[in-house]
1. Tell me, which helices (runs of 4 or more DSSP H) wholly within segment 106-194 include 3 or more residues that are closer than 26 Å to Glu89 by Cα?
2. What pairs come out if I take residues in segment 23-34 that are under 8 Å from Ser49 (Cβ atoms) and pair them with residues that are surrounded by fewer than 11 Cβ atoms within 10 Å (Cβ to Cβ) and of a type outside the set (Phe, Trp, Tyr) whose C-beta lies under 7 Å away, six or more apart or interchain?
3. In the set Asp204, Asp216, which member is acidic (Asp, Glu), at pLDDT 90 or above, over 30 Å from Leu347 (Cβ atoms) and surrounded by fewer than 20 Cβ atoms within 10 Å (Cβ to Cβ)?
4. Test Ala64 against the criterion of being outside any loop (DSSP other than H, G, I, E, B) and over 17 Å from Val86 (Cα atoms), and give yes or no.
5. What number of residues within segment 56-72 are without any contact (Cβ under 8 Å) to a residue 24 or more places away in the chain, more than 19 Å from the chain's Cα centre (by Cα) and either surrounded by 22 or more Cβ atoms within 10 Å (Cβ to Cβ) or closer than 16 Å to Ala164 by Cα (or both)?
6. Run Phe55 past the list (1) closer than 30 Å to Ser265 by Cβ; (2) touching an Asp or Glu at 6+ places or on another chain (Cβ under 6 Å) and report the number of the one that doesn't hold.
7. I'm trying to understand the selection: among the residues of segment 252-276, which are within 25 Å of Thr298 (Cβ to Cβ), of a type outside the set (D, E, K, R) and surrounded by fewer than 22 Cβ atoms within 10 Å (Cβ to Cβ)?
8. Inside segment 90-107, can you point out the residues that are surrounded by fewer than 19 Cβ atoms within 10 Å (Cβ to Cβ) and in contact with a Leu (Cβ under 6 Å, 6 or more places away or on another chain)?
Amino acid sequence: MESPRARTILHADMDAFFVSVELRRHPELVGQPVVVGGTGNRGVVAAASYEARRFGVHSALPSAIARRRCPHAVFLPGDHDHYGEVSGEVREIFDRYTPLVEPLSLDEAFLDVTGSLRLFGDGRTIAERIRAEISDELRLACSVGVAPNKFLAKLASVQAKPVAHAQRIDPGEGVTVVEPGTEQDFLDPLPVQRLWGVGPATLDKLTRLGISSVRDLRRIDLPVLTTALGANQAQHLAALAVGADDREVEPLREAKSISHEETFSENVHGADELRRHIVRLADAVAHRLRRADVAARTVTLKVRFDAGFRTITRSITPPDPVNTGPAIVDALSPLLAGIDPSPGVRLIGVAGSNLGPMSAQLSLLDDAPADDATSAIDAIRERFGISSIAPASTVEGGRVRVTKKGAQQWGPDVRSSRSGDSEDRDRPGDAR
């Protein structure tokens, strides 16, 4: 039997990407603690400079806590559109070395460079070339892990990154290589929480078994691990403990859903006001469905109350796939009718999922062309911008409130209006 082909996989991860992009626009802030994200009380940190990380500020931390930990930090609102543009420039550099690029987010990607070794050199050489070109052309930094599979490459890129300590910042190696045959030497010393799937609850169970490192995990009997974690998770972690991962780099990653979420800077208590926001979010979701040439067979409404952060999610499957705002609102109306917002709604979300071709929305008895009004709306927005036309209920103070892709990605900003802009997510199959 022929042995499997040895692969060379890179995981490239930009260093403090959003902050680094902002520092290109604000060079006077270089060397200072800088935080990018939602600047309001309900915002969260998207990225922190290594100077800010010295004070315990990190991504996903509530902005209010970040301000207490580092009062002298400079807080900047995120600019998702600009980060997307820069991410595209980074992607162009990746594409010079291989067509097998699997983006995980705006700031990281897997690259399979197995077929490029004869042309460009070994994995380390390619990684160093990529880092140099990103630095020279874009004035940004990235860390790269090189390994025989995706799992190990991801871990290696973490090892290559700068590390912020309370008293200093270690620059990091920039490139970390896990050579074939050294996988176990690399894995064994790592803390077990570095493995995918080891969250706080699992870590607590492993700690009770005396497991703190990957070496400890590898040496424990599988039946004991199965009793503690269940068969599926035990087998999953046992495989990772020996570096097993046969997943391919997948350059084509279709979105599983298209959604917008919005966190309000002040709670919403009225049903009419809540419905107006849902109309706006549904219109934004529908616009992006049509741009992707798909329709949603399932639509979902998400509501989070302020009290206790209680969240309810309701889904419905309309008779036909939908990709217009009114159709999504009609589908969600029965779900909305069963929700009492009077206690105070903190967040709402609208999503379309179970996606398929737009043509699927036409029934066998209806072969009419797409709605002329919807086509006209799309044409106007394409020519004059997304805020050029919108549902009447989105007009506030004589201005159209638009819901942009990536807006309010990290919660409402200080400068936001009552509801701010909204967040969106295109969820790929292997999203973090």
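The values are calculated or read from the model by the stated rules, or taken from the named source; none is laboratory data. The structure displayed is predicted, hence computed values, not measured ones. Note: ideal-geometry Cβ built from the backbone for every residue, glycine included; neighbour counts use all protein chains shown.
1. Here the list reads 117-120, 123-138, 150-160.
2. Correct list of pairs: Pro33/His72.
3. Asp216
4. Answer is yes for this residue.
5. Residues in segment 56-72 being without any contact (Cβ under 8 Å) to a residue 24 or more places away in the chain, more than 19 Å from the chain's Cα centre (by Cα) and either surrounded by 22 or more Cβ atoms within 10 Å (Cβ to Cβ) or closer than 16 Å to Ala164 by Cα (or both): 2 in total.
6. Failed condition: (2).
7. Within segment 252-276, Leu252, Ala255, Ser257, Ala271, Leu274 meet the criteria.
8. none
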